[in-house]
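To start, the structure itself, in C-alpha cells.
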Amino acid sequence: MTHELGFSGSTIMSNPNQFARLFNARFKHVEIGEFPTYIDFESFLQLSREKGYRYGIHSPLIRGESKYDLLDFISFEPEQARLQFEDEVRTLSQLGAAYVLVHFPFIKDSSSQDIIERVKEGLSFLNRLQENYKILIVCEPKLGPSMSPHNIEILHDFPKQLWEAYGLSLCIDIGDYLLAVGEEWPVYLKQLQPFIKVVHLHNILIEGAKYIWVPPHPALEESNEYFRIKPIVEYLARGQAKYFIFEHTPHSNPSDQFVNESISWIESLLHV
C-alpha cells in the first residue's frame, strides 16, 4: 500500500500564471478544477504531460459552472448540472484523468423530504457515469449553508451497504469534518473507511464568522487557534492507498519553507 501526495489547484486558486507551482518535485499528482477557461485547462494538461504528472479534476472543470447542484437547486437546476457533469466526465475519461471529484451529497435544507431516496437516485446517476465512461468518480460531502453539518450527517445516516452497491469512492475533507463534528470524527469515519480514496489536507484558521484553509503543520498542533489534525491523518493513513491532497489556499501567505515542512510532516505521518 502506497499513498500518493499531491497539491490542489486551491493553493494557487487555479491561476494559470502560477501553474508551475503545482508541479512540486516531491509529488507526481495534482488535483485541480475551476479553470478560468477551457484553454487554460488545455495549458495545464500540456504541462502535466510534459512533466509526467497524473491529475484528478475537482468539478467544475470551468469556473462559474455548477459545484453543488446534482440534488438541489443552489445555482443551477439539477437537470442542467447533471448534463454539465456528464460532459465533464465524458471529456476527462478521454483525456486520462485519474478521477473526477464532485460535491455529493449536497442538499440545501436538512428538512427536505425523502432524503435517502434522493441520495440513492443521485448515486445511481453517478454510478451510471462511472460505468459508462470507465473513470473513477469520487464524492465529497460538504458543509451546508452557514456551515451546517447536515450533508455530513446525511452521509453518516445513509445505509452503507447501499453506498457499497453503487461502487463509488469518497473524499474526506479534514477541515469540513472537524468543523462539522469536532472530536466525534472517529464515529463518522469508521464506517466510511472502506470507501475513502481521497483526503483533503489542511488546518483551519477561524476569523470571526469566516475561516481559511492553512497548510497542516506540527507547529499548529498545540495552538488553541487551530485544530489537532495529526490523529485524523494517522487514522486515514490506514487501509487502502489514498491520494492525500494539500488543499490550503494562499490567503494566509504561507512561506515555501512552511509548506515544505508541512509536506515533510505529513510524509512522516503517512510513512511515505
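The values are calculated or read from the model by the stated rules, or taken from the named source; none is laboratory data. As the structure is a prediction and not an experimental result, all values here were calculated from the model. Because the Cβ atoms are built from the backbone with ideal geometry, glycine has one as well, and the counts that use them run over all protein chains shown. The accessibility values were calculated without ligands, DNA or RNA, using every heavy atom of the protein model including side chains. Shrake-Rupley method; radii C 1.70, N 1.55, O 1.52, S 1.80 Å.
Highest mean first, the peptides 210-222, 154-166 sorted by other C-beta atoms within 10 Å per residue fall in the order 210-222, 154-166. Ranking of ARG49, ARG63 by solvent-accessible surface, largest first: ARG49, ARG63 (1.4 Å probe, protein heavy atoms only, all chains present).
Residues of region 74-97 falling in the label zone of GLN46, defined by backbone nitrogen less than 18 Å from a point 7 Å along Cα to beta-carbon, are 95-96. What separates the Cα centres of region 118-159 and region 1-56 is a distance of 24 Å. Here the relative contact order of the chain, from alpha carbon pairs under 8 Å that lie six or more residues apart, stands at 18 percent. Estimated at the nearest 10 Å², the accessible area of LYS51 is 90 Å² with a 1.4 Å probe.
Select from the chain the helices, each a whole stretch of DSSP H, whose alpha-carbon atoms run 15 Å or more along the helix axis and whose Kyte-Doolittle mean is at least -1.0; answer none if there are none. Helices passing the filter in the chain: 38-50, 78-95, 115-133, 256-270.
Across the protein chains, with a 1.4 Å probe defining accessible surface, the residues LYS197, LYS230, LYS134 rank LYS134, LYS230, LYS197 from largest area downward. Between ARG26 and GLN240, the C-beta separation translates, for a Förster distance of 35 Å, into a calculated FRET efficiency of about 0.95. Per the Kirkwood formula applied to alpha carbons, region 1-72 shows a radius of gyration over Rh ratio, Rg over Rh, of 1.00. A straight Cα-to-Cα reach below 15 Å connects LYS242 with the aspartates and glutamates GLU4, GLU31, GLU140, ASP173, GLU234, GLU267, residues fewer than 8 places away in its own chain not being considered. Full extension of the chain between GLU207 and LEU162 gives 12.3 nm of extra length, using 0.36 nm per residue less the Cα-Cα distance. Surface calculation, 1.4 Å probe, protein heavy atoms: ASP72 sits at approximately 30 Å² accessible. Near ILE32, within a Cβ-to-Cβ distance under 11 Å, what is the net charge of the other residues, with Lys and Arg +1 and Asp and Glu -1? Spelling it out: positives minus negatives among the neighbours equals -4.
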